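Written below as structure tokens is the structure these notes are about.
The values are calculated or read from the model by the stated rules, or taken from the named source; none is laboratory data. Values in this document were obtained by computation on a predicted structure and should not be read as measured data. In this analysis, Cβ positions are derived from the backbone assuming ideal geometry, glycine residues included, and neighbour counts consider all displayed protein chains. Note: areas computed on protein heavy atoms with side chains; ligands, DNA, RNA excluded. Shrake-Rupley method; radii C 1.70, N 1.55, O 1.52, S 1.80 Å.
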Amino acid sequence: MLEKALSGGKRYWTWVVFLLLLILAGFLAYMRQFEIGLGVTGMSRDVSWGLYIAQFTFLVGVAASAVMVAIPFYLHDYKNFKEIVIYGEFLAVSCVVMCILFIFVDLGQPMRIMNVILHPTPHSMMFWDMCVLFGYLVLNFVIGWTSLGAERKGFPHPHWVKVLTYIAIPWAVSIHTVTAFLYSGLPARAFWLSAIMAARFLASAFAAGPALLVIFLLVLRKVSSFKVGKEALQALAKIVAYAMIANVFFFLLEVFTAFYSRIPEDMAAFQYLFGGLDGKHNLVPFMWTAAVLALLGIALLVIPRTRKNEGVLPFAMAAVFIAAWLDKGVNLILAGFVPNPFGQVIQYAPTATELMIVVGVYAIGLLILTVLYKVVLGVREERA
Amino acid sequence: MIYGGKKIFAGLFIFVVLLISPFLANIGKADAQPNPSLNTPTIDALAAKQCVGSAQFMRTYHMQLLNEWRDQALRHGEYTYVNSQGQKFTISLENTCLKCHSNEQQFCNTCHTYVGVTPYCWECHQKGATQ
Amino acid sequence: MKIERREFLKLGAAVAVGLGGGMTLDVLTKAKPAAAETTTDAVGTKVSSKALHAKRWAMVIDASKFKTEADFRRVEEACVKAHNIPDFGPDSKHQIKWTWEEPFTRTFYGVDDPYLPEAIKKENFPVMCNHCENPPCVRVCPTQATFKRPDGIVGMDYHRCIGCRFCMAACPFGARSFNFVDPRPHIKDINPDFPTRTKGVVEKCNFCMERLDQGLMPVCVEASNGAMFFGDLDDPTSDVRKILDTHYAIRRKPELGTGPSVFYLVGGGGAGA
Ligand code: SF4
Ligand code: SF4
């Protein structure tokens, strides 16, 4: 089926070449990092994780795109999702690949990565996260690819695929939960030490994943033969709306607990995010932008008139997606290191090399997604 | 004839040539075996020139031994190695191995180069320690 | 001496596996050498007869005896020299620190009460890894590169560390440093008896385990002129226990339950040892 990705118009190839160039640039930047070390990034002794780990954390969430279409379709037989389930699954595949790449580029000794398997360590959440992420990648790829193969031949997908889809649903919950556990079990970081972290991760994932899926489906409607149905879009939009409301609600719960209890360590990171601490306020603009976009997105999605307007829908989705990205792909990880264990505020800003690597990894993800989507489109055009 | 047969065979030919190119490049060259030098001032001063194990054993298993040493010393605090003759040695690259084998070029690298491996021991462990 | 080619192929294969990231151990020790070869040599390892023993090593620091900058420098430099710690300058993001000086408000962040005696507020303290009883760094490490020895010391295997820095996020004491770049060009004066580190791994104070195992006290303790005490927390007759039994000592962030093994005597209630 892969050969379908080899035939395309000029626009397709321009896009592919563009992505390849970004990947090349990212690769060259990575070679520099590989040579010199993580010293080429903006990370430090005090902010020891930066954009890489933040992107990893965020993309685990976006991978929820699959489960949020799979549940209605497989569990509730919601027919309108029949055509789009596979787009959700392949988006998840591309996200999980990016997650793994972001972990990889964050390692100081990447050539030793197999040590995680050679010395399996069940008390480390990182070990479990690796297991569930790999599992989720395989599940989604196998489910997507096999169903597509069956569809090509005009058969219903084999029964075992159905079994896998049932496994994939709780599995999707596990990737967000275990990723949240990476952070929420650390006594050192008051900002992360919260029982509600896993719930926040689920809510934010269920908003960001489908939001991005809607955006991609709208793009496909413009540039390809696949015209997503109105009902499917509206159903996704409602999922995004509810999930985002839950996400913001959970966030406010954290804010309440910190500020009503007035425990200094619990308040510190929020103070840093909303107004700056010790005269340092790198993240303040990000926090407020996220807040405004989150509320705007929710408003646009809750009001039926704007939600049903397909001219507005992409903006609402973008607002939600960017808000979720700022919240999890920037603020959550970076503010966790403020203040440091000595009560000092040390800031972080990524370097150009670091940004180029981030762009490169995203380009790899988009390329994988493009190829997979192209295969889906090709197979379906052939049958039409 | 298969469709595009010529291209296929040309491709196959190129593939096979590439595959055997390392052998082609070495045709006629002598298989010069490495000849590591054991002579360092410390070793020359020894009464019995004997490592912690027999030469045969060390040659074959020094890397496993070092790996085991690292875990024993670091994780279990067992810094003393006892060999089959009951002789005791302190487990330390700096203060045991490299004290004698201070000639990385002539000793270690001779064989490592021959078998095409590049261990990175000396990046962290100082060559020859205090001389 | 002739070395057979066949030997070399074997050697090559083994080393190749090993180079895949210092990962030989578990793989290769399971595939033990053939019997004839083992019986000639490999026998075993044991604890050195000189080694100092404890059930749980601990340190008591009498801050009142750190009077001048020189007292701190002497201790820090002894550690830097012994362990080949690079110097990137005080403002570098790449700093590597094993033990260093912090004021009261930072050492005991969260306890910096405004109504403390001036003498205490002005006091400075040497900080380092606390070799915690329940170390979060060990809990999170995905490779067991960070581990706790039976004598309570939290050690690191720089060969196994993959540089994920999970342990840095997990340590509540800021005790860990990461080698963001190759440290070697920044080591002033290399001590040939101790290894240096490579870029991409985390490092921290090791309670001088390499010295304890040779029967020596930690270098900082030796250099402190009696301001630091070291001994077995489990042994009621040890120096540290005798001090703790008669003096009020505090630990950093005890509320987190990590159980630090480094104790501080603050406010001049010094241990008259
Ligand atoms: S002080 Fe930090 S690095 Fe040291 S044992 Fe405790 S948690 Fe681990
Ligand atoms: S950086 Fe190294 S020591 Fe720290 S958690 Fe990762 S592998 Fe373990």
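Rounded to the nearest 0.05, what FRET efficiency do A:Lys153 and B:Ile8 have when you use their Cβ-Cβ distance and R0 = 25 Å? In this case the efficiency is close to 0.30. Expressed as a whole percent, the accessible area of chain A that falls on carbon and sulfur atoms is 74 (1.4 Å probe).
Of A:Thr179, A:Thr306, A:Thr41, which has the largest mean-square fluctuation in a 10 Å C-alpha GNM of chain A? Residue with maximal mean-square fluctuation among A:Thr179, A:Thr306, A:Thr41: A:Thr306. A Förster radius of 35 Å, combined with the Cβ-Cβ distance separating C:Asp91 from A:Leu295, puts the computed FRET efficiency at roughly 0.30.
Output the relative contact order of the stretch A:258-317, whole-number percent, from Cα pairs under 8 angstrom with separation of 6+ residues. All intermediate terms of the calculation are to be shown ahead of the outcome.
Working: 40 pairs, mean separation 10.6, N = 60.
Result for the stretch A:258-317 is 18 percent.
Accessible surface of chain B, 1.4 Å probe: 65 percent of it comes from carbon and sulfur atoms.
What residues from the stretch A:137-153 fall in the zone where the backbone N is under 16 Å from a label point 7 Å along the Cα-to-C-beta line of A:Arg383? Of the residues in the stretch A:137-153, A:143-153 have backbone N under 16 Å from the label point off A:Arg383. Relative to its residue count, chain B spans a Cα convex hull of 194 Å³ per residue.
In this rough spin-label picture, where each label sits 7 Å from Cα along the Cβ direction, the A:Leu218-A:Leu75 distance is 2.7 nm. Which FRET efficiency value, to the nearest 0.05, is calculated for C:Lys122 and C:Thr246 with the Förster distance at 41 angstrom and r the Cβ-Cβ distance? FRET efficiency, C:Lys122 to C:Thr246: 0.95.
Overall form of chain A: prolate. Here a/c, set by the Cα gyration tensor axes a ≥ b ≥ c, is 1.5 or more, and a/b is the larger of a/b and b/c. A viscosity of 1.567 mPa s and a temperature of 4 °C, combined with the Kirkwood radius over Cα pairs in Stokes-Einstein, give a translational diffusion coefficient for the stretch B:1-69 of 74 µm²/s.
Per residue, how much accessible area does chain A have with a 1.4 Å probe, in Å²?
Computed with neighbouring chains in place, this is 40 Å² per residue.
Computed with a 1.4 angstrom probe on protein heavy atoms, the B-C interface buries about 4800 square angstrom of accessible area in total.
Using alpha-carbon pairs under 8 Å, 6+ residues apart, how would you state the relative contact order of chain B in percent?
Working: 78 pairs, mean separation 34.8, N = 131.
In percent, rounded to a whole number, it is 27.
If you build a Gaussian network model of chain A, linking Cα atoms that sit under 10 Å apart, which residue out of A:Gly365, A:Gly37, A:Gly297 swings the most? Highest fluctuation of the listed residues: A:Gly37.
Averaging Cα coordinates gives a centre for the stretch A:293-329 and one for the stretch B:57-75; these two points are 60 Å apart.
The Cα center of the stretch A:146-213 and the Cα center of the stretch C:181-205 differ in position by 42 Å.
Evaluated over the Cα positions of the stretch C:70-191, the convex hull gives a direction-averaged projected area, one quarter of its surface, of 9.2 nm². Shape of the stretch A:8-86 from the C-alpha gyration tensor: oblate (a/c of 1.5 or more and a/b not above b/c, with a ≥ b ≥ c the square roots of its eigenvalues). For the protein assembly as shown, the antiparallel share of DSSP beta bridges with both residues in that region comes to about 85%.
Per-residue extension of 0.36 nm, minus the Cα-Cα distance of A:Phe34 and A:Leu2, leaves a gain of 8.3 nm for this segment.
Note on C:173-181: average number of Cβ atoms from other chains within 10 Å of each residue's Cβ is 5. Per-residue ellipticity at 222 nm from helix content only, as computed over the protein assembly as shown with -39500 (n - 2.57) for each DSSP H run of at least four residues, stands at -16500 deg cm²/dmol. Geometric descriptor of the protein assembly as shown, per residue, is 204 Å³ (volume of the convex hull of the Cα atoms).
Which stretch or stretches of the stretch A:45-80 have amide N atoms under 15 Å from the point lying 7 Å from A:Tyr166's Cα along the Cα→Cβ direction? Residues A:71, A:74-77 qualify, since their backbone N sits under 15 Å from the label point. With a 10 Å cut-off around each Cβ of A:277-286, the average count of Cβ atoms from other chains is 0. Computed from the alpha carbon positions, the gyration tensor of the stretch A:334-384 leads to an equivalent ellipsoid with semi-axes of 44, 13, 5 Å, biggest first. Rounded, prolate or oblate: which one fits the stretch A:249-384, using the alpha carbon gyration tensor with axes a ≥ b ≥ c (rounded when a/c is under 1.5, else prolate when a/b beats b/c, else oblate)? The shape class here is oblate.
Extending 7 Å from the Cα toward the beta-carbon at both A:Ile245 and C:Asn134 defines two label points whose distance is 4.0 nm. Put the Cα centre of the stretch C:214-265 next to the Cα centre of the stretch C:88-155 and the gap is 14 Å. For C:Val262, the amide hydrogen comes within under 5 Å of the amide hydrogens of C:Met59, counting only partners 5 or more places away or on other chains and with H modelled in the peptide plane. Note on A:Trp13 and B:Met58: the model spin-label points, each 7 Å out from Cα along the C-beta direction, lie 6.3 nm apart.
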